[in-house]
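Below is one structure, written out as structure tokens; comments come after it.
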Amino acid sequence: MKRRIRAIMFEAKYSQYIHPSKSRFAYKNEITGVCAEISKGSRSKGAGAVLYYEDGKLYVDDSDTHYYIEGETGSKKSRVESTNIAKSIIRAKENGVVNDPKGELYKNTAGYAKLFDYNIKVLNFRDFKFSNSWNPLHLAKLYEIEGKHTQSSEVLDDFKDAIVAPLINLTNDRYWGDMAGSVFSYSSKILVKSVPDNVFNIASIIQFSDQENLPILRELMQRMDKTSETTLAMKGIVNLSAEKTLDCIFSTVQQMYLPFIRNKALMNLLSSNDIDFQDLVDKKTIIYVIYPDEKNGYDYLVNLFFSQCYQYLIDYSTKYDDGKLKRRVNFLLDEFNNLPPIEKFANKISEARGHNVRYFLFGQSFGQLKKNYKENAQTIIDNCNWIVFTSKDMALFERVSEMCGKEIDSYGKERSLIEACDLLHLKKYKDGAEALIIKNGQFPFVTKLPDYEYIDVFEKAPESQLKEIRIRQKPKCITFNKWISGLGSFYEYP
């Protein structure tokens, strides 16, 4: 009491020198007032990050703003945010593309999606038996058919860069890697214009660029448009007079293709296509991407998938007058910081909101984000609201403390609203976890958020187990000695 009296006397005496606090914590109604409310049995809709929970009511941010959500392993960020976000998306009949390395989100939410008659697709690099097929070259063929030749070439170049990079890193020799990449590039750009959609795949390109087919390739080059830049470039390689150089080039090409040649199941998965990005536009769809995050052998394919999916959606959105998809698509990228950098991601996240595409990025370390994206990391997080769970990431905490601003105490002294060290003590409970929320336009807020198993907001659904998916038909590729003669015959890839 005496301390409070002294403070009042101090304020009265020095009031002209004391300025109001520059920051404070948000009040509950300030947070809930900008959220959509979800409760059991209600018809209210809203999808997004969970910001508050009380008395059986879940408050989610239904705005178009992206979220960066960080917490160490075991912080419960997946149980508190990822699963609840995914279920809110399904309940609101929005669409989702989910980075799900261990398959946990599929297990926890696919059954819920079935209740709402969702089109559920799985791209599974952990176990190919439980995966739909995806041809990473299919989009290039679609663009080519539509007359979008530049976009088609960009898709092929992205795939080329993805398969060449590991080879260059392994051999530490850029020249031969670039030459091998050129063979793929020229081969794919010739085939994309000349073979049917169902045989334009990695299996056909591997055959096309096999050194044993050099006589056929040389004959083919004589028949093709002599003014084509691609034809001239390919002709320059296959007609090399230096046999040793030619042998080295095609030896490197074979080495580049080894991951596919050695793994027939992977070749099959990538040589046909039953994951259609158009489904994300036309109907209720959720796609789960599962892969072994303890290895990095499939990371480039995962990145390609997300990049292609995003690019297709952005291109399609331009068909609308307002440039926005009619059904929002949400990318839930768990373990985002462990993925290799996604090409031009800072640009993608900056423009996504305008096309009705939203990102939720989950990470364990702000330092890893900066390592992956360097100066672009700042652009990425500037486009996001933040939710921070318990962690030991002091670099992040210092930044968060700075973002939360300063307050003025009763003695007129300025101090941080929340110190970096205070964030070390965010608590974790059996039924939830504490988190600090930083939302654009609102003061910071600390609250306990619920574990998905301890709330009764969403309809009950059983856990989902992955089921074997039979590819509708075996992928096909070209028999070149017949194709070049105009017979157009195909054979099934074993």
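Listing for the model above:
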read-out: Members of the stretch 340-361 that are among the hydroxyl-bearing types (S, T, Y) and in a helix (DSSP H, G or I); value: S350
read-out: Number of the condition not met by N239 [criteria: (1) closer than 19 Å to L139 by Cβ; (2) free of Cβ contacts under 8 Å to residues at least 24 places away in the same chain; (3) not aliphatic (A, V, I, L, M)]; value: (1)
read-out: Options D61, D127; residue that is farther than 23 Å from Q308 by Cα, assigned by TED's automatic domain parsing to the domain that holds N296 and out of contact with any Asp or Glu (no Cβ under 7 Å at 6 or more places or on another chain); value: D61
read-out: Filter result (crowded, with 22+ Cβ neighbours inside 10 Å and closer than 21 Å to L449 by Cβ) within the stretch 100-118; value: D100, L105, N108, T109, Y112
read-out: Boolean, R327 is assigned to a strand (DSSP E or B) and assigned by TED's automatic domain parsing to the domain that holds P292; value: no
read-out: Criterion: under 24 Å from the mean Cα position of the chain (by Cα), modelled with pLDDT under 90 and in the same structural domain as V60 (by TED's automatic domain parsing) - qualifying residue of D409, D393; value: D393
read-out: Scan of the stretch 36-87 for residues that are under 22 Å from N383 (Cβ atoms), out of contact with any helix residue (DSSP H, G or I) (no Cβ under 7 Å at 6 or more places or on another chain) and among the charged types (D, E, K, R), ordered by number; value: D61, D62, K77, E81
read-out: Index of the failed condition, E37 passing every other in (1) touching a Lys or Arg at 6+ places or on another chain (Cβ under 8 Å); (2) outside any loop (DSSP other than H, G, I, E, B); (3) closer than 24 Å to I418 by Cα; (4) among the charged types (D, E, K, R); value: (3)
read-out: Condition check for L214: over 27 Å from C309 (Cβ atoms) and in contact with a helix residue (DSSP H, G or I) (Cβ under 8 Å, 6 or more places away or on another chain); value: yes
read-out: Selection within the stretch 362-405 - loosely packed, with under 15 Cβ neighbours inside 10 Å and not in a helix (DSSP H, G or I); value: K374, E375, K392
read-out: Residue among Y14, Y67 that alone is hydroxyl-bearing (S, T, Y), outside any loop (DSSP other than H, G, I, E, B) and modelled with pLDDT of 95 or more; value: Y67
read-out: Answer residue from the stretch 297-356, given it is crowded, with 19+ Cβ neighbours inside 10 Å and among the basic types (K, R) and is nearest to Y68 (Cα to Cα) among those; value: K348
read-out: Residue within the stretch 234-249 that is farther than 30 Å from L220 by Cα and either at pLDDT 90 or above or among the hydrophobic types (A, V, I, L, M, F, W, C) (or both) present; value: no
read-out: Close pairs (7 angstrom Cβ cut-off, 6 or more residues apart or separate chains): under 16 Å from E212 (Cβ atoms) in the stretch 243-264, surrounded by fewer than 16 Cβ atoms within 10 Å (Cβ to Cβ) anywhere; value: L246/L240; F250/Q211
read-out: Filter result for V183 (surrounded by fewer than 22 Cβ atoms within 10 Å (Cβ to Cβ) and either at pLDDT 95 or above or of a type in the set (V, I, T) (or both)); value: no
read-out: Residues located in the stretch 235-290, provided they are assigned to a loop (DSSP other than H, G, I, E, B) and more than 23 Å from the chain's Cα centre (by Cα); value: N239, L240, S241, A242, R262, N263
read-out: Residue that is nearest to V122 (Cα to Cα), among those in the stretch 291-318 that are part of a loop (DSSP other than H, G, I, E, B) and in contact (Cβ under 8 Å) with a residue 40 or more places away in the chain; value: Y291
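For every residue, the table says whether it meets (1) within 30 Å of E94 (Cα to Cα); (2) exposed (fewer than 15 other Cβ atoms within 10 Å of the Cβ).
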{"site": "K235", "(1), (2)": "no, no"}
{"site": "I275", "(1), (2)": "yes, no"}
{"site": "I290", "(1), (2)": "yes, no"}
{"site": "E294", "(1), (2)": "no, yes"}
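The values are calculated or read from the model by the stated rules, or taken from the named source; none is laboratory data. Nothing here was measured: the structure is a model prediction, and the numbers come from that model. Glycine gets a Cβ as well: all are built from the backbone with ideal geometry, and neighbour counts include every protein chain shown.
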